[in-house]
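The values are calculated or read from the model by the stated rules, or taken from the named source; none is laboratory data. On a predicted model such as this, the values are computed, not experimentally measured, just so you know. Glycine also receives a Cβ, built like all others from the backbone with ideal geometry; neighbour counts cover every protein chain displayed. Just so you know, the surface numbers come from the protein's heavy atoms only, side chains and all, with ligands and any DNA or RNA stripped out. Shrake-Rupley method; radii C 1.70, N 1.55, O 1.52, S 1.80 Å.
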Amino acid sequence: MSNQIPAAKPQPLWFLALFALAAGGGAIAYVPFLTVLLPLKITALVGSEDVPALARVTFYGAVVASIANIVFGMLSDRSKTRLPWIVTGLISSGLLMIAVDYVGDVNQLILLTMAWQVALNMMLGPLMAWAGDLFPDSQKGMLGGALSFAPALGALSGSFVTIDALVPAQSRLAVVASLVAMLILPAIIAGRSRTRPQLMESCVSQPAIRDVVPHSRRTLAVMWAARFLVQIAEAGLFAFMLFWLRSIQPNFHENSVANTFSAILVLSVPLTLLLGRWSDRARRPILPLTASAFVSAIGLVIMAWTGNLTIAVAGFVIFGSAASVFLSLHSAQTLRVLPEPRHRGRDMGVFNLTNTVPSLVMPWLTLALVPGFGFTVLFALFAVLSIAAGALLMTIPVRK
């Protein structure tokens, strides 16, 4: 007799949409705070010493986030339930973020930000692991497309909460916390009984899909390394994008950078949805990842060797769109190749290191290269890393 169990049924599109909004809420929970509101708070506290202070807050926060994501992923595995961790993290992270308004010095801000990172990852770690409990492999491409809404919503929320006519400065953090709750709670309420038991079993068998990509340590290592390489390029570029553009045109306005960044994230959503849906139908989950890694390298090559602003921005659009597609689809396809559902939360925490570690190493790499060689060498290195990511993914055997 076969010990195979029936394939898990796909989730309805309305619930996929709710989960996409929840993932967007997860992005809103940190994007406007880390990119706009936290730097503004630091400037208010220390004035011209804001850059070193921001570096300290960012560094310690990233270290804590890396650890907390793994720890709470493991705890949600052991408790065999995700939702209590997500809800507790949602409430505590929102309250801690609002408390930032009442901090009086940088040391207090560092400690509070570290505590906020713990609470935030109590929510984010189990939330991404929960996706693996909910969506079968036949929907992983569509899930990846849905996840592309998250960075776009995060970027747009940063623009929204900084419009003084709509959101008073003293209410920004509270509005962010409210937006996060509004987007995450509907999925929590609707998804309480939507976990697929088949996806919680170590012997999950979905012959039509599961056999497409082999489940092995090597596949896991390749997926981790490929994302890490692309994330180094993305973290470095987006951190120093304004400086690079001003090296081409000194008066390039920061609002133009923000608008370009937001436009790229928004435009990449339909492209990611189309590619994700195609990968499900064609049973080629790795091909869009490989292609987007190579396309991102093309954008970086254009950026490295042009002194024309229009061409430089075009190269950035190519890179940014391809990188966004890669990262969204990769998050979903990672859930496909994890070998043990009972360790899904822990393993997703380990993959989350590909998001946090590049932010720790990128400033040092940039400082080592840009002063002596300029942005050309830095972007050429990023292109090599993206090509290496695509080449690694090509080594994953895919069976029809």
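Looking at Asn107, is it of a type outside the set (Phe, Trp, Tyr) and within 17 Å of the chain's Cα centre (by Cα)? Even if it seems obvious, please write down each step before you answer.
Values: of a type outside the set (Phe, Trp, Tyr): yes; within 17 Å of the chain's Cα centre (by Cα): no.
Against the criterion (of a type outside the set (Phe, Trp, Tyr) and within 17 Å of the chain's Cα centre (by Cα)), Asn107 does not qualify.
Just one residue in the set Ile298, Ile302, Ile311 is among the aliphatic types (A, V, I, L, M), open to solvent by 50 Å² or more (accessible area, probe 1.4 Å), under 23 Å from Ala225 (Cα atoms) and over 20 Å from the mean Cα position of the chain (by Cα); that residue is Ile298.
Residue by residue, here is whether (1) of a type outside the set (Gly, Ala, Ser); (2) out of contact with any Pro (no Cβ under 9 Å at 6 or more places or on another chain) holds:
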| site | (1), (2) |
| --- | --- |
| Met128 | yes, yes |
| Gly132 | no, no |
| Lys140 | yes, no |
| Leu147 | yes, yes |
| Ala150 | no, yes |
| Leu156 | yes, yes |
| Val180 | yes, yes |
| Leu185 | yes, yes |
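Given the conditions (1) open to solvent by 10 Å² or more (accessible area, probe 1.4 Å); (2) more than 23 Å from Val357 (Cα to Cα); (3) part of a helix (DSSP H, G or I); (4) touching a helix residue (DSSP H, G or I) at 6+ places or on another chain (Cβ under 8 Å), and given that Ala146 satisfies all but one, which numbered condition is not satisfied? Only one criterion in (1) open to solvent by 10 Å² or more (accessible area, probe 1.4 Å); (2) more than 23 Å from Val357 (Cα to Cα); (3) part of a helix (DSSP H, G or I); (4) touching a helix residue (DSSP H, G or I) at 6+ places or on another chain (Cβ under 8 Å) is unmet by Ala146, namely (1).
Criterion first (out of contact with any His (no Cβ under 7 Å at 6 or more places or on another chain), not hydroxyl-bearing (Ser, Thr, Tyr) and not in a helix (DSSP H, G or I)) does Gly132 satisfy it?
Numbers: out of contact with any His (no Cβ under 7 Å at 6 or more places or on another chain): yes; not hydroxyl-bearing (Ser, Thr, Tyr): yes; not in a helix (DSSP H, G or I): no.
No, not satisfied.
For the stretch 79-105, the set of residues classified as part of a helix (DSSP H, G or I) and surrounded by 19 or more Cβ atoms within 10 Å (Cβ to Cβ) consists of Trp85, Ile86, Gly89, Leu90, Ser93, Gly94, Leu96, Met97, listed by residue number. Looking across the stretch 262-288, the residues that are open to solvent by less than 70 Å² (accessible area, probe 1.4 Å), at pLDDT below 90 and under 18 Å from the mean Cα position of the chain (by Cα) come down to Ser262, Ala263, Ile264, Leu265, Val266.
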